[in-house]
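Scroll down for the structure; my scribbles are underneath it.
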Amino acid sequence: MNQTEQSSVHPDPSNQQPLEERVNNRSHRPDSDAFRSFMAANWAPASTALPARADVADHAARRRRAISVQFTGERLVIPAGALKVRSNDCDYRFRPHSAFAHLTGLGVDHEPDAVLVLEPVADGEGDDGGNHRASLYFRPLAGRDTKQFYADSRSGEFWIGPRPTLAEFKALLGLDTEDISELEVAITKNVGEPSVGGISVRLVRKVDENIDALVDTARYNTAKDPDNMDFGALDALDAKLAEALSELRLLKDPWEIEQMKVAVAATAAGFEEIIKALPRAVAHRRGERVVEGAFFARAREEGNELGYDTIAAGGNNATILHWTHNTGTVNEGEMLLVDAGVEADSLYTADITRTLPVNGKYSEVQRKIYQAVLDAADAAFAVAVPGRKFRDVHNAAMEVLAARLEDWGLLPVSAAVALSPEGQQHRRWMPHGTSHHLGLDVHDCAQARAELYLDGTITEGMVFTIEPGLYFKDEDLAIPAEYRGNGVRIEDDILITANGPVNLSAALPRTPDDVEAWMARLSA
Ligand code: GLY
Ligand code: MN
Ligand code: MN
């Protein structure tokens, strides 16, 4: 029985070829000695010029120091993550974990399998007077005399282009850099119970399963009583590191704020493309995909990618909060809700929503719903000031929406009763939160403690969204028919300064008149 017959009829794991060999069933790659020696010679030398130190390097060093002093004496392991298979031998585009990006300053495409290790040293003798020395372990560019150069489709220069050398990343990032072959020893050496002189390791888990396994094995091998390990306590060790890394991002530094502006500007350009593409969207059987594609083109042209899958939702689809299938039509007379963000090359993302009248003019009921959401957003803006609670932003928006729903006769109780914790009837039409932190992740700082996030105090340097909405579904029998099939969200990205909130996305028109004028100008 040949290999194909065997695997399609009754696979016997013991007889199966390893994955790598199976992939090579169709390989035409030569491997003779003659080929290898010919391949290794006669290449112009690669440039040895080193890059200048990146602007972000000093910020990343300060971030590492802030983490270092919270975990004195412990080894900290922050993986970038591995390439992920999309199907067969095709991978998804690589995007490093946000904690890794934050602490290294690395962005676009860098660097599969890399790991940042903060090694504990005597107090104050680490980098920048901290308590750790940082090393970045990665697979550096292989020489042209290696098989990797021409034969490795995931990392070889002939396949994916030149990659960084140890010296280049060291110069760029101001970090010690080490070959990935040294990583296992760096992570596992002297691991053990601190009570017997071992080093405690904390890991950002579920980023790279190979590193999870390495740390788990080291912990197991060095545990005093391996058969009765306290996995809960070990998980808590790692969770505390994730929490600290998340909380470190609650306040953005000046470099990050510039990156947010880059992301927002590219996103604004993307929304303009959407408006210009509307006639084609209306004519297309899947107009929402035309909208999605118009934005995506800008995301790739101006930035790294999308910060999250675009929501392009026409008519009733706008009432589905995370409608990302985008398979629907875009129809004259309906509204189109677009929630989209460009992720800059630095990996910071915008998160902006505009709800447009497809034919350029809101109907009376559309304008009425839109204005209520805008008023809620403006009320939220008014309390987004240093010293107020993060929760106040949501509550301010809810007060406006509950009052408006009461005025329209939609609430089964008074607005006051609905706003009480026991009521909340207004949330039928606005079931999501009004604000979330924004940055490297669209829902940034998600592991931060509640007392610093939802119950936290608004502080200069925070960046978060304000995004109230109202969603009246076609199938909602609790409201008059005139409201149905309309979803409105208005989402802006806010920077908190000492003088109050700055709307980073103010270049995108928000009021109904301004949106109509914007659309008229771009359609002319
Ligand atoms: N785009 C997802 C959100 O607004 O949170
Ligand atoms: Mn959002
Ligand atoms: Mn959004």
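The values are calculated or read from the model by the stated rules, or taken from the named source; none is laboratory data. Just so you know, these numbers come straight off a predicted model, no measurement behind them. Please note: Cβ atoms are built from the backbone with ideal geometry, for glycine as well, and neighbour counts cover all protein chains shown. Each accessible area value is taken on the protein alone, full model and side chains, heavy atoms only, with ligands, DNA and RNA left out. Shrake-Rupley method; radii C 1.70, N 1.55, O 1.52, S 1.80 Å.
Note on region 112-134: residues that are under 15 Å from PRO164 (Cβ atoms) and open to solvent by 10 Å² or more (accessible area, probe 1.4 Å) total 2. Taking region 457-467 as the range and being within 14 Å of ligand 2 (Cβ to nearest atom), in a strand (DSSP E or B) and touching a helix residue (DSSP H, G or I) at 6+ places or on another chain (Cβ under 8 Å) as the test, the residues that pass are VAL463, PHE464, ILE466. Evaluate region 420-440: report whether one residue or more is within 24 Å of LEU248 (Cβ to Cβ), more than 16 Å from ligand 2 (Cβ to nearest atom) and of a type in the set (Ser, Thr, Tyr). The answer is no, given that none of the residues of region 420-440 is within 24 Å of LEU248 (Cβ to Cβ), more than 16 Å from ligand 2 (Cβ to nearest atom) and of a type in the set (Ser, Thr, Tyr). Taking the criterion of being in contact (Cβ under 8 Å) with a residue 60 or more places away in the chain, within 28 Å of PRO112 (Cβ to Cβ) and either open to solvent by 70 Å² or more (accessible area, probe 1.4 Å) or not polar (S, T, N, Q) (or both), the residues of region 189-218 that qualify are VAL191, ILE199, VAL201, ARG202, LEU203, VAL204, VAL207, ASP208, GLU209, ASN210, ILE211, VAL215. Hey, could you check region 468-492 for residues that are part of a strand (DSSP E or B) and among the small types (Gly, Ala, Ser) and say which is farthest from ligand 3 (Cβ to nearest atom)? The residue in question is GLY487.
For region 66-79, a residue qualifies if it is at negative phi and surrounded by fewer than 19 Cβ atoms within 10 Å (Cβ to Cβ), and the qualifying residues are ALA66, VAL69, GLN70, THR72. Within region 219-239, the presence of a residue that is under 24 Å from the mean Cα position of the chain (by Cα), surrounded by 18 or more Cβ atoms within 10 Å (Cβ to Cβ) and farther than 18 Å from VAL77 by Cβ is excluded. Selection over region 500-513 of residues that are open to solvent by 10 Å² or more (accessible area, probe 1.4 Å) and within 16 Å of ligand 2 (Cβ to nearest atom) gives a count of 4. Looking across LEU454, LEU495, one residue alone is over 22 Å from LEU374 (Cα atoms) and not in a helix (DSSP H, G or I). It is LEU454. Inside region 320-348, residues that are more than 15 Å from ligand 3 (Cβ to nearest atom) and more than 18 Å from the chain's Cα centre (by Cα) make up a count of 10. Tell me yes or no: at least one residue of region 149-156 is among the hydrophobic types (A, V, I, L, M, F, W, C) and within 23 Å of VAL121 (Cα to Cα). No, the conditions are met nowhere in region 149-156. Quick one: in region 472-499, of everything that is open to solvent by 50 Å² or more (accessible area, probe 1.4 Å) and small (Gly, Ala, Ser), which residue is farthest from ligand 1 (Cβ to nearest atom)? Only one residue tops the list, namely ALA481. Selection of region 417-471 for residues being under 19 Å from HIS102 (Cα atoms), surrounded by fewer than 18 Cβ atoms within 10 Å (Cβ to Cβ) and of a type in the set (Gly, Ala, Ser) yields ALA446, GLY461.
Could you list all residues from region 498-524 that are among the hydrophobic types (A, V, I, L, M, F, W, C) and either closer than 20 Å to ALA312 by Cβ or assigned to a strand (DSSP E or B) (or both)? It would help to see each step written out before you state the result.
Here is the first cut: in region 498-524, the ones among the hydrophobic types (A, V, I, L, M, F, W, C) are 498, 502, 504, 506-508, 515, 517-520, 522, 524.
Of everything in region 498-524, those that are among the hydrophobic types (A, V, I, L, M, F, W, C) and either closer than 20 Å to ALA312 by Cβ or assigned to a strand (DSSP E or B) (or both) turn out to be VAL502, LEU508, VAL515, TRP518, MET519, LEU522.
Number of residues in region 341-372 that are surrounded by 24 or more Cβ atoms within 10 Å (Cβ to Cβ) and farther than 27 Å from GLY293 by Cα equals 1. In region 440-471, the residue that is nearest to ligand 1 (Cβ to nearest atom) out of those that are without any contact (Cβ under 8 Å) to a residue 24 or more places away in the chain and not hydrophobic (A, V, I, L, M, F, W, C) is HIS443. Considering region 289-340, and only residues there that are on the phi > 0 side of the Ramachandran plot and more than 16 Å from ligand 1 (Cβ to nearest atom), the residue that is least open to solvent (accessible area, probe 1.4 Å) turns out to be GLY315.
Conditions (1) in contact with a strand residue (DSSP E or B) (Cβ under 6 Å, 6 or more places away or on another chain); (2) in a helix (DSSP H, G or I); (3) farther than 26 Å from ARG95 by Cα, marked per residue:
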{"residue": "LYS206", "(1), (2), (3)": "no, no, no"}
{"residue": "ASP212", "(1), (2), (3)": "no, yes, no"}
{"residue": "VAL215", "(1), (2), (3)": "yes, yes, no"}
{"residue": "ALA218", "(1), (2), (3)": "yes, yes, yes"}
{"residue": "ASP227", "(1), (2), (3)": "no, yes, yes"}
{"residue": "LEU234", "(1), (2), (3)": "no, yes, yes"}
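So which helices (runs of 4 or more DSSP H) are wholly in region 95-182 and hold at least 1 residues that are in contact (Cβ under 8 Å) with a residue 12 or more places away in the chain and more than 21 Å from ARG202 (Cβ to Cβ)? If you could, list the steps in order and put the result at the bottom.
Numbers: elements: 98-104, 147-151, 157-160, 166-173.
Filter on region 95-182 gives 147-151, 157-160, 166-173.
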